[in-house]
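The values are calculated or read from the model by the stated rules, or taken from the named source; none is laboratory data. Worth saying up front: this structure is predicted, and the values here are computed from it rather than measured. In this analysis, Cβ positions are derived from the backbone assuming ideal geometry, glycine residues included, and neighbour counts consider all displayed protein chains. These accessible areas exclude ligands, DNA and RNA; they are computed on the full protein's heavy atoms, side chains included. Shrake-Rupley method; radii C 1.70, N 1.55, O 1.52, S 1.80 Å.
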Amino acid sequence: MKFFEANFDGLVGPTHNYAGLSFGNVASFSNANAVSNPKQAAKQGLAKAKALHDMGFVQGMLAPQERPDIACLRQLGFSGSDANVLQQAAAQAPQILRAVSSASSMWTANAATVSPSADTQDGRVHFTPANLIDKLHRSIEAPVTGRILKATFKNEQYFSHHDALPHHPLLGDEGAANHTRLCHEYGHAGVELFTYGQSSNAQAPRPLKYPARQTLEASQAVARLHGLDEDGVVFIQQNPDVIDQGVFHNDVISVGNRNVLFYHEQAFIDTQAKFAEIQSKFGEQPLHFVKVPSAEVSIDDAVQSYLFNTQLLSIDANSMALIAPTNCQENKAVNAYLEALVEMDNPINKVHFFDVKQSMQNGGGPACLRLRVALTQAELNAVNPHTIMNDALFEKLNAWVDKHYRDRLSDNDLADPQLLIESRTALDELTQIMQLGSVYPFQR
């Protein structure tokens, strides 16, 4: 049987803007109120997805959220016509309007946690949408995310969908951005790594400056929901000191694939003991812990370049490639390290650079833009085929972007009723292209 790791990238939504909503995300904050280019952002994302398809990888696309979220504004007491709701929100609560206009669902690493059928008790692929409670603009995503995932992976014989965890600080869940999986082959049982920032233990270390968005209790709950065996799960705490330096998710400080964990030496707490647990549960086959020393790449350089927010993909049984943002090339220390990395004795022997600057300026690199889903051939055949990248879908989606997206969006534009009309028109057409059904509130 054939096995695949498919990458499902988030389509950048029509309201892509720089509102600086993500406290703890250095890039997001530093570019607040800059003018964005939604059309360019969407095309950069599509170009990366198409390039990976052309390299032979299974590549899918996930639809964006409906924004501005008028239903949320009405829930908060704004009333009248949609145009009136927008005008009232802009006048009375501009920060809330920015939040409900965010295109943050483009970063589908936060959409959900996914466990492949090889790891689960019932032999199905399990999905749990992230509740994303730490940020208002993301906390409203889960219901529509769940519907989009169900429309994409809709065969109940192969796929199991759970509700997001309850919205409580004890159960803060940020999805696959704090989850990775190590395995011999994608279709074989592996070890799922759940990284958390803090727990309910008041004596345990936690960050002092920025929030720890993932809790141990949330990670444990997702593992239970997915029916994972404790022999195939490791819970590891992210170093709170690096969270306070802008490492808001674990995928900003480490990335794993098959038998490789590529990480910064300051990434975790109790690293030696946890790596021994990983190795014990992984088995006797080789497992590569590729450590990046602080002396070669500082935390600041790692955050600025997103060295670890890269996709680590298997080229064949013995070699892997990093899919990195061009920002890594532009950072002297990081570029030097990558040139040395491909000559080292580990499976990573290629680096491919992609321009995703519209996303990077808002705090998300290549790894933020994708949700990894390990699938058997039968499971892949059961996925909604209209969401899988190919030449025809690439052309359709590019034409769709050209038709509906603006090439300039400022903070003042968010209150424009015409932007809402444009966005809904675009999304209604998108659900037909991708045959998703009525996943958006305005369609229901």
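Out of the residues in the range 307-320 meeting the condition of being under 16 Å from G365 (Cα atoms) and out of contact with any Pro (no Cβ under 8 Å at 6 or more places or on another chain), tell me which one is surrounded by the most Cβ atoms within 10 Å (Cβ to Cβ). The residue in question is L307.
Among the numbered conditions (1) open to solvent by less than 10 Å² (accessible area, probe 1.4 Å); (2) under 21 Å from T15 (Cα atoms), the only one that T152 does not meet is (2). Residues that are modelled with pLDDT of 95 or more, buried (at least 22 other Cβ atoms within 10 Å of the Cβ), in contact with a Phe, Trp or Tyr (Cβ under 6 Å, 6 or more places away or on another chain) and under 30 Å from T431 (Cα atoms) occur in the range 354-372; there is at least one. Can you spot a residue in the range 187-208 that is in contact (Cβ under 8 Å) with a residue 40 or more places away in the chain, in contact with a strand residue (DSSP E or B) (Cβ under 7 Å, 6 or more places away or on another chain), surrounded by fewer than 22 Cβ atoms within 10 Å (Cβ to Cβ) and assigned to a loop (DSSP other than H, G, I, E, B)? Yes, the range 187-208 contains a residue that is in contact (Cβ under 8 Å) with a residue 40 or more places away in the chain, in contact with a strand residue (DSSP E or B) (Cβ under 7 Å, 6 or more places away or on another chain), surrounded by fewer than 22 Cβ atoms within 10 Å (Cβ to Cβ) and assigned to a loop (DSSP other than H, G, I, E, B). Looking across Q272, Q304, Q285, one residue alone is farther than 20 Å from I236 by Cα and part of a helix (DSSP H, G or I). It is Q304. So, N346, is that one touching a His at 6+ places or on another chain (Cβ under 8 Å), of a type outside the set (D, E, K, R), in a loop (DSSP other than H, G, I, E, B) and open to solvent by 10 Å² or more (accessible area, probe 1.4 Å) or not? Against the criterion (touching a His at 6+ places or on another chain (Cβ under 8 Å), of a type outside the set (D, E, K, R), in a loop (DSSP other than H, G, I, E, B) and open to solvent by 10 Å² or more (accessible area, probe 1.4 Å)), N346 qualifies. Taking each residue of the range 80-109 that is free of Cβ contacts under 8 Å to residues at least 60 places away in the same chain and looking for partners that are open to solvent by 10 Å² or more (accessible area, probe 1.4 Å) and acidic (D, E) with beta-carbon atoms closer than 6 Å, six or more apart or interchain, yields V100/D69. With respect to the conditions (1) in contact with a helix residue (DSSP H, G or I) (Cβ under 6 Å, 6 or more places away or on another chain); (2) surrounded by fewer than 24 Cβ atoms within 10 Å (Cβ to Cβ), T113 lacks only one, and its number is (2).
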